[in-house]
Amino acid sequence: MSETPAEPMTMDEFECDLDELESAEDFLNYFGVPFEPAIVHVNRLHILQRFHDYLDEIEEEPDSVRARFALYADLLRGAYRDFVGSDARTEKVFRVFRMNEPRQVNVSLGDLLDQLPARADSHAT
């Protein structure tokens with residue numbers, strides 16, 4: 001599902017359009033990204049957060065409205081695609097999914113041996 005995007009004419013119009021978008025579906029339709037409603041229904045916040053993360057990685061946005069619109073559409077398409085064959089837990093967009101990741105811990109053999117109870121020699125006289 002998606003509608004044909006209507007590219008904004010000016011940067012002000014583009015920013016105004018973005019301010020009016022509320023849902024993941026709104027963004028996907030605005031940028032003309034085809035999507036499956038079932039995927040968006042389950043991952044809407046994750047898709048929007050990933051899109052936001054991708055936008056944060058841009059060092060300098062294009063000056064032209066057409067180029068910026070195309071860039072945003074491409075980034076949103078990528079954010080959506082991340083969840084087509086994956087899920088929120090695997091993608092770990094939100095911090096809560098990264099909190100319990102296994103940590104690598106190095107413990108030396110000497111430290112382990114030091115934790116053993118002292119062995120009493122069984123040489124009783």
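The values are calculated or read from the model by the stated rules, or taken from the named source; none is laboratory data. These numbers were taken from a predicted model, which means no experiment stands behind them. Cβ: placed from backbone, ideal geometry, glycine included. Neighbour counts: every protein chain shown.
Quick grid of which residues meet (1) in contact (Cβ under 8 Å) with a residue 12 or more places away in the chain; (2) surrounded by 11 or more Cβ atoms within 10 Å (Cβ to Cβ); (3) within 14 Å of the chain's Cα centre (by Cα):
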position	(1), (2), (3)
Glu13	yes, yes, no
Asp17	yes, yes, no
Glu20	no, no, no
Phe31	yes, yes, no
Ala38	no, no, no
Leu45	yes, yes, yes
Tyr54	yes, yes, yes
Asp63	no, no, no
Ala67	no, yes, no
Subset of segment 72-125 [of a type outside the set (Gly, Ala, Ser), modelled with pLDDT of 80 or more and surrounded by 10 or more Cβ atoms within 10 Å (Cβ to Cβ)]: Tyr72, Asp74, Leu75, Leu76, Arg77, Tyr80, Arg81, Asp82, Phe83, Val84
